[in-house]
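S.K.: Quick one: this structure, given as structure tokens, is what I'll be asking you about.
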Amino acid sequence: MTSEHTSETRRLRSRTSFVLLAVFGVAAIVTLLTSAVEPWPPLVLAPGLIAGLWLLSQWHRQVAAPIRWAVLALGTLTWALGALWELTPLGALAFALPGALEVMWSRQARAVVTLLVLTVGAAAGALVVVTDPQALWVYLGMGVLLTGVACVTIPDSRASFDLMRLQDERAEQERAASVDAERLRFSQDLHDIQGHALHVVKLKIAVAQRLLSTDPDAARRELDEAQQTLRRTMAETKALAQDGHDLTLRGELANSVALLKAAGITVTADDAGGPRRKEFEHVAGVVIREATTNILRHSDARRVEISLAPGHVVISNDGVIGVPAEDHTGGLANLRSRLAGVGGRLDVSCDDERFTLEARWDADEEEAT
């Protein structure tokens, strides 16, 4: 992939981060407010809570183990001091966040859960000596509750994100496969045009060399035929490069829809029908093919809309990656010159996160009818 994640995955990651930090951030604020009967309790709880929220903000990537363990140790200490001094039961949040993240990141989740249980048990055993047992059960119960909630919500969010990322990677691979298939089709057409012609020219030149000393007129004829073959091959190659070989509008439309759907893109095609001149059908097919290639190669499109009618073709997609419309000019200069040849024009625009390519020309009386 050309970037770490596609735009859809980045949006999901941003939304998930916002929700997690908003929910647990509000819980942290409530924790500090409920402990603020005196100035010093928030100072005791704040470092562990801040460290836990920072670690939560890294939920979508892998944090180094020493850093995770340090935050977990700080959170355990914060929870223990909160219980020892009976500051607020919500202080267990400083332990719950790094504990849940450690369970999610660790490859040996069962061992981590056992370690967390032993840690809480040891802390509770040590505190029961110096703390009211009834109050301790409140602190311990809140710690178990908050840790359980965090162990459910955070890994579930990560699983959803990973699923979306894998889907985007698969779509990107399908896009690449579609582009490769189009390149293969072009190379096969080029081989069909030039392979046979070059072989014929090689044979005729060889024949002309053998006849040059015995029959110059026959040798000249062979060379003339070789020259004609080369001219015809050059014309066919130019037509292939300009997509000027046999081209049908509905064939190109069907091929483009198939390629886009194979890449996981939803396609809506609106064909108004009606009689069309040959030059309209040819240029419209070229526009559809070029637009399809650009979508597959240069966008993160999820939806594509193709509209056909006498006198215009409009192709739009939602895969804009923050590039101004004037920068989406790769391969479009040829389309502009082709449209100018039939009295048309090409308009390109980017707005509301949609990229639109619109080809227009004056419809003749037959098309208007």
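S.K.: Quick test of your reading of the structure: Thr9 fulfils all but one of (1) under 30 Å from Arg165 (Cα atoms); (2) buried (at least 19 other Cβ atoms within 10 Å of the Cβ); (3) modelled with pLDDT of 90 or more. Name the failing condition by number.
M.R.: Status for Thr9: all satisfied but (3).
S.K.: Looking for something among the aromatic types (Phe, Trp, Tyr), out of contact with any strand residue (DSSP E or B) (no Cβ under 6 Å at 6 or more places or on another chain) and surrounded by 23 or more Cβ atoms within 10 Å (Cβ to Cβ) - is there at least one such residue anywhere in the stretch 95-107? Let's see the steps before the verdict.
M.R.: The first filter runs over the stretch 95-107 and keeps only residues among the aromatic types (Phe, Trp, Tyr), leaving 95, 105.
With out of contact with any strand residue (DSSP E or B) (no Cβ under 6 Å at 6 or more places or on another chain) added as a condition, the list becomes 95, 105.
Cutting the leftovers down to surrounded by 23 or more Cβ atoms within 10 Å (Cβ to Cβ) gives us 95.
Yes: the stretch 95-107 contains one or more residues that are among the aromatic types (Phe, Trp, Tyr), out of contact with any strand residue (DSSP E or B) (no Cβ under 6 Å at 6 or more places or on another chain) and surrounded by 23 or more Cβ atoms within 10 Å (Cβ to Cβ).
S.K.: Here's another thing I want to ask about it. Of all residues in the stretch 211-237, which are under 16 Å from Val200 (Cβ atoms) and of a type in the set (Lys, Arg)?
M.R.: Arg221, Arg231, Arg232
S.K.: Do you know which of the residues in the stretch 34-45 that are surrounded by 14 or more Cβ atoms within 10 Å (Cβ to Cβ) and without any contact (Cβ under 8 Å) to a residue 40 or more places away in the chain is nearest to Leu77 (Cα to Cα)? So that I can check it myself, show each step before the final result.
M.R.: As a first pass, look at the stretch 34-45 and keep what is surrounded by 14 or more Cβ atoms within 10 Å (Cβ to Cβ): 34-36, 41-42, 44-45.
Cutting the leftovers down to without any contact (Cβ under 8 Å) to a residue 40 or more places away in the chain gives us 36, 42.
Details: Ala36: 19, Pro42: 14 Å.
Among them, the one singled out is Pro42.
S.K.: Please tell me if Leu247 is at pLDDT below 85 and in a loop (DSSP other than H, G, I, E, B).
M.R.: Considered against the rule, which asks whether it is at pLDDT below 85 and in a loop (DSSP other than H, G, I, E, B), Leu247 comes out as yes.
S.K.: Another question about this same structure. Among (1) surrounded by fewer than 18 Cβ atoms within 10 Å (Cβ to Cβ); (2) at pLDDT below 75; (3) touching a strand residue (DSSP E or B) at 6+ places or on another chain (Cβ under 7 Å), there is one condition Arg302 misses while meeting the rest; what is its number?
M.R.: Going through (1) surrounded by fewer than 18 Cβ atoms within 10 Å (Cβ to Cβ); (2) at pLDDT below 75; (3) touching a strand residue (DSSP E or B) at 6+ places or on another chain (Cβ under 7 Å) one by one, Arg302 breaks only (2).
S.K.: Next up: Only one of these is in contact (Cβ under 8 Å) with a residue 12 or more places away in the chain, of a type outside the set (A, V, I, L, M, F, W, C) and crowded, with 20+ Cβ neighbours inside 10 Å: Gly25, Gly48. Name it. Quick ask: steps written out before the conclusion?
M.R.: Numbers: Gly25 fails: crowded, with 20+ Cβ neighbours inside 10 Å.
The conditions single out Gly48.
Here is a yes/no grid of residues against (1) among the small types (Gly, Ala, Ser); (2) in contact with a Gly (Cβ under 6 Å, 6 or more places away or on another chain); (3) within 29 Å of Val138 (Cβ to Cβ):
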residue: Thr34; (1), (2), (3): no, no, yes
residue: His60; (1), (2), (3): no, no, no
residue: Pro66; (1), (2), (3): no, no, no
residue: Leu84; (1), (2), (3): no, no, yes
residue: Ala94; (1), (2), (3): yes, yes, yes
residue: Ala100; (1), (2), (3): yes, no, yes
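The values are calculated or read from the model by the stated rules, or taken from the named source; none is laboratory data. Keep in mind that what you see is a predicted model, and the values were worked out from it rather than measured. Don't worry about glycine lacking a Cβ; one is built from the backbone with ideal geometry, like all the others, and counts go over all protein chains shown.
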